[in-house]
Amino acid sequence: MTNTKISASLYPVAFHCREKFGRKYEEWDGYVKYIQNHGSHYEIHIESRSGFIFIIGKYLNGGFISIPAFGIGCDLAGYSDYFWNNEHLARLMNPVDAATVAEALRTLSKNRYI
């Protein structure tokens, strides 16, 4: 089993979030502090307006995410599908954190870290 930790000091992965709340847009930056590949899933620590760890992986019916600190988990579309992932996460957590996670996933996928 692979257990590779990618440190942000070696591979900084910054991302920018822009989301519409009501009639106005808000923008903020975030970065991936570390990614750990456990072979069957990834453990990812992000920092933005808040910081937390989430776990993503694949199972028989597609992708999943678990955010233990928030007590939530749900299915994911492809990691690069910001809109679907954001919409489903926003049903379970505050919309800023949902947008942050969805953008982090999109950025990591785009740059082939996950």
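Hey, can you tell me all the residues within segment 1-20 that are open to solvent by 50 Å² or more (accessible area, probe 1.4 Å) and at pLDDT below 90? Within segment 1-20, Met1, Thr2, Asn3, Thr4, Lys5, Ser9, Leu10, Tyr11, Pro12, Lys20 meet the criteria. Checking each residue in segment 68-92 for being under 21 Å from Tyr34 (Cβ atoms) and in a loop (DSSP other than H, G, I, E, B) picks out Tyr79, Ser80. Restricting Ile35, Ile53, Ile44 to residues that are surrounded by 14 or more Cβ atoms within 10 Å (Cβ to Cβ) and either of a type in the set (Gly, Ala, Ser) or closer than 18 Å to Asp81 by Cα (or both) narrows the list to Ile44. Applying the criterion of being open to solvent by less than 80 Å² (accessible area, probe 1.4 Å) and more than 30 Å from Leu60 (Cβ to Cβ) to the residues of segment 21-32, the residue that is farthest from the chain's Cα centre (by Cα) is Gly22. For Gly71, the conditions (1) out of contact with any Ser or Thr (no Cβ under 8 Å at 6 or more places or on another chain); (2) at negative phi all hold with the exception of (2). The number of residues in segment 56-83 that are open to solvent by 10 Å² or more (accessible area, probe 1.4 Å) and either of a type in the set (A, V, I, L, M) or touching a strand residue (DSSP E or B) at 6+ places or on another chain (Cβ under 8 Å) (or both) comes to 17.
For segment 94-114, the tally of residues that are surrounded by fewer than 23 Cβ atoms within 10 Å (Cβ to Cβ), closer than 21 Å to Lys24 by Cβ and free of Cβ contacts under 8 Å to residues at least 60 places away in the same chain stands at 3. Take the conditions of a type in the set (A, V, I, L, M), out of contact with any Cys (no Cβ under 8 Å at 6 or more places or on another chain), closer than 14 Å to Phe15 by Cβ and outside any strand (DSSP E or B) and apply them to Val101. Does it pass? Judged against the criteria, Val101 is a match.
Note on segment 10-61: enclosed strands (runs of 3 or more DSSP E) holding 1 or more residues that are touching a residue at least 60 places away in the same chain (Cβ under 8 Å), among the charged types (D, E, K, R) and more than 19 Å from Asn111 (Cα to Cα) are 13-21, 24-37.
The values are calculated or read from the model by the stated rules, or taken from the named source; none is laboratory data. Bear in mind that the values here come from a model prediction, so they are computed numbers and not experimental data. Cβ: placed from backbone, ideal geometry, glycine included. Neighbour counts: every protein chain shown. For the accessible areas, the whole protein counts, side chains as well, though only heavy atoms, and no ligand, DNA or RNA atoms are used. Shrake-Rupley method; radii C 1.70, N 1.55, O 1.52, S 1.80 Å.
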